[in-house]
Structure formats: C-alpha cells, structure tokens
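S.K.: I am attaching a structure below and will ask some questions about it afterwards.
The values are calculated or read from the model by the stated rules, or taken from the named source; none is laboratory data. Being a predicted model, the structure only gives us computed values, none of them experimental. Cβ placement follows ideal geometry from the backbone for every residue including glycine, while neighbour counts extend to all protein chains displayed.
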Amino acid sequence: MDDLQFLDIFRGKLIKLTLKTSSYVGVVQRINSNKTVLLADVVYVEKGIKVPGLKLFFGHEIVNVEFPGKTNSGDRETLGYKLEDHLLVEEFQPYRKSIRLDDDEDDEVVINFEVIDEFHGKFGSAVMHIKKQRLIGVGADAVEAFQQGRLCWLQIATKNKVYLFDILVLGAQAFKNGLSMILENKHILKVIHDCRVISACLLAQFGVRLTNVFDTQVADVMCFYSETGGFLPDRVSTLQEVVSLHLNVPSSQLSSLKMKSQLTKEERELWYKRPCPLPLLKVMALSVIHLLPLRLVLLDTLMTDYMDLVDSYLSSSYNEPGEVEHINMELASSQAVPFFAAGTMQWRHTPRLDLG
C-alpha cells in the first residue's frame, strides 16, 4: 500500500487537530502528501463555533491528532450535536387529545425536530416539505435586539415536524435558496407570536417581507377586548402566558419558554454557540410547537360573539318564524381597536392576571 492509499483511509473520519493555540474538530476530506489536511464540518472547539465551508490545516501548525469518532455517521453525536430528536406529544402537547389540528388523522406520539445547517442533503427536502403546507408556525432567535443583532436561528413548525434553520451558519443564502419564497408566500399562513419582532429582523437583515400572518399576541388582545366588553389589557402577553391561558398548559411545563424570554444580553450569546447544546435545541422547538394549536383555540374564542349572534337569529326564527326581527348590532368604534405603531400601544388599562 503506497502513502496516498494509506492517507485515503482516513477520508470521511472524524478527527481532532490540536494546534499551538487552538483545537478543531472536523471530518477529513483529504490528507495531502505535502502534510496539509482539508476538513469539512469544522468546529472551533474552544468557542464551540462552526466554521463555514472547508478549512485547510498545515502540518507544521499541528501539535496533536486524535480520532474521537469512528465513522462519518456518528460525527455530530460524538460532538454532542444531535441533528435530529423529538418531543413527546403526551408531555409537551397534552391538549392534543382534545384539539384536532387540520388534517390530523392519526394520534401522533412524537414531534420530531431537525437541525438544518448545510445545503446539501436536508435543506432542499425541508424547504419542499414546508412549501406543501397550508400553515406553519414561525419563530426566531437572535443576539441583542433583532434589528441590530444577528439572526442566529429560524424555527419553522409543521403539524408534527420542527425545522431549526441555523442561519448563523447558512447565512443569507438560506433565504435565496427557498426560505424567502416560504415567508413571502401569500398562500401559506404563518402563525407567529408578535410578528413585529421577526418581521423587522427579516426585512432589515435579509430583505424578506412577511405576508399572510396570524399573530397570536394580537389575537390574545382581541380575545381580552371581547371578553371584557371593550377594555384592553395594560400590556401584551408573552408566549408562555398565552399558551398557559388558552391551551391550559401548567406554567411548570412552560418554564423553558419563560427562561428564554428572560435571557439577558450576555446570556443570549448562547445562540452563537456551535455546536448548539441539545437543551437549547429543544427550547427552540418548544417555542413553536404550540403555535398551530393556539391559533385554533384563539379563533374559536374570537368567533364566540359571532356564534352568539347566529344563535340569536336562530332563536328569533324559532319563536316567531313568520316575523323574523332585525337585530341591531352596534359596531365597536374603530378608535377602540389596539393601535400598534413604533412599538407603542394606546388603550384603556385593565389589569391582566400575572400567569408567570
């Protein structure tokens, strides 16, 4: 066996290279006879940051070589980076027993979530699957304020699947390769909690204009408005509060959402960490799995007044079928509708129960 054949044995294997000042883990693409090593899926170990593309290392820089994994198939699990996992429906969506999602024929046991951090392979199939949906849940995570900070993750949920797009690694090309078409598609309903935040971020950083949005935060405000006879809350609700109130999920099961919403500026730098720890991946998945069921419940609540009026029509026709009276409906003044502009809201104050 000559030297080139020997070196070719290491192709596709996970390798850790220790340099004088840093360490890297990656998958061997080529080891050249001039003592250079070309790696893919490279992770800067000390900072946990994934290096985009391929990286070339020179022999004189390398102090030590280790092989922490056997084959390419186990590479990311060896790094503690699971590309796929799942959440149990019974544990995280207990309301699914009573709420039937659109086209929900089977009793699902798990909700799978999957990290999409490269274009070859799963990115294309993920985009194709999402484009076939009539409605999706959308979430995002960034460091600092969305307009100023960098978008790190974009979460898209279908009925039983959550895709976690690693925008920090994929970059703007992810939107050019299909995400823009999804987010700007007028025929796909996007369910979002506080669309102002995500919309401003996508427009400022990637030129993407969200369309056809159902905002669960706005719907919650309108439900409060209807239930209180025209009053509006003194503040908008967090996703955790809305899920707890409308889906009857105990607050104890939503602690991760509460923690996520209360991260400090320094703590939000966790979204930069690569490979992303599995607990963080689960938190991101949890932030969008409730959106589609939440939309159904909020729509039912918003339709309550309408159904009451229909019942009045029916009752009137039953009592006096020959003389159906006209029912005068006093329309609410347009000035009573919440005014969302420049991050401010103007309304009459009515305290909302603290569900935190």
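S.K.: From the list Val169, Val191, Val197, Val162, exactly one residue is closer than 23 Å to Gln240 by Cα, touching a Lys or Arg at 6+ places or on another chain (Cβ under 6 Å) and among the aliphatic types (A, V, I, L, M). Which is it?
M.R.: Details: Val169 fails: closer than 23 Å to Gln240 by Cα; Val197 fails: touching a Lys or Arg at 6+ places or on another chain (Cβ under 6 Å); Val162 fails: touching a Lys or Arg at 6+ places or on another chain (Cβ under 6 Å).
Criteria check complete, one pass: Val191.
S.K.: I'd like the full set of residues that are modelled with pLDDT under 85, out of contact with any strand residue (DSSP E or B) (no Cβ under 9 Å at 6 or more places or on another chain) and in a helix (DSSP H, G or I), limited to segment 271-301. It would help to see each step written out before you state the result.
M.R.: If we filter segment 271-301 for residues that are modelled with pLDDT under 85, which is where we start, we get 271-279.
Next, only the ones that are out of contact with any strand residue (DSSP E or B) (no Cβ under 9 Å at 6 or more places or on another chain) stay: 277, 279.
Listed by number, the list holds a single entry, Pro279.
S.K.: Further question on the same structure: If you take the residues in segment 27-69 that are surrounded by fewer than 17 Cβ atoms within 10 Å (Cβ to Cβ), charged (D, E, K, R) and in contact with a Leu (Cβ under 7 Å, 6 or more places away or on another chain), which one is modelled with the lowest pLDDT?
M.R.: Arg30
S.K.: Also, quick follow-up: Would you call Leu263 within 16 Å of the chain's Cα centre (by Cα) and closer than 20 Å to Asp194 by Cα? Let's see the steps before the verdict.
M.R.: Details: within 16 Å of the chain's Cα centre (by Cα): no; closer than 20 Å to Asp194 by Cα: yes.
Spelling it out, it is not the case that Leu263 is within 16 Å of the chain's Cα centre (by Cα) and closer than 20 Å to Asp194 by Cα.
S.K.: Look through Leu314, Leu263 and report the one residue that is over 30 Å from Tyr44 (Cβ atoms) and surrounded by fewer than 16 Cβ atoms within 10 Å (Cβ to Cβ). Give the derivation first.
M.R.: Values: Leu263 fails: over 30 Å from Tyr44 (Cβ atoms).
Within the list Leu314, Leu263, the selection yields Leu314.
S.K.: Residue by residue through segment 206-265, note down the ones that are of a type in the set (Ser, Thr, Tyr), more than 20 Å from Ile136 (Cβ to Cβ) and part of a helix (DSSP H, G or I).
M.R.: Keep residues of segment 206-265 that are of a type in the set (Ser, Thr, Tyr), which gives 211, 216, 225-226, 228, 237-238, 244, 251-252, 255-256, 261, 264.
Subset that is more than 20 Å from Ile136 (Cβ to Cβ): 225-226, 228, 237-238, 244, 251-252, 255-256, 261, 264.
Within segment 206-265, Tyr225, Ser226, Ser244, Ser251, Ser252, Ser255, Ser256, Ser261 qualify.
S.K.: Now for a separate question. Do you know which residues across segment 160-175 are within 14 Å of Asp117 (Cβ to Cβ) and small (Gly, Ala, Ser)? Explain how you work it out, then say what you get.
M.R.: Pass one, segment 160-175, residues within 14 Å of Asp117 (Cβ to Cβ): 163-171, 173-174.
Gly171, Ala174, listed by residue number.
For every residue, the table says whether it meets (1) touching a Cys at 6+ places or on another chain (Cβ under 8 Å); (2) buried (at least 19 other Cβ atoms within 10 Å of the Cβ); (3) at pLDDT 90 or above; (4) within 30 Å of Glu266 (Cβ to Cβ).
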{"residue": "Phe165", "(1), (2), (3), (4)": "no, yes, yes, yes"}
{"residue": "Leu168", "(1), (2), (3), (4)": "yes, yes, no, yes"}
{"residue": "Lys176", "(1), (2), (3), (4)": "no, no, yes, no"}
{"residue": "Leu179", "(1), (2), (3), (4)": "no, yes, yes, yes"}
{"residue": "Asn185", "(1), (2), (3), (4)": "no, no, yes, no"}
{"residue": "Ile192", "(1), (2), (3), (4)": "no, yes, yes, yes"}
{"residue": "Leu203", "(1), (2), (3), (4)": "no, no, yes, yes"}
{"residue": "Val213", "(1), (2), (3), (4)": "yes, no, yes, no"}
{"residue": "Cys223", "(1), (2), (3), (4)": "no, yes, yes, no"}
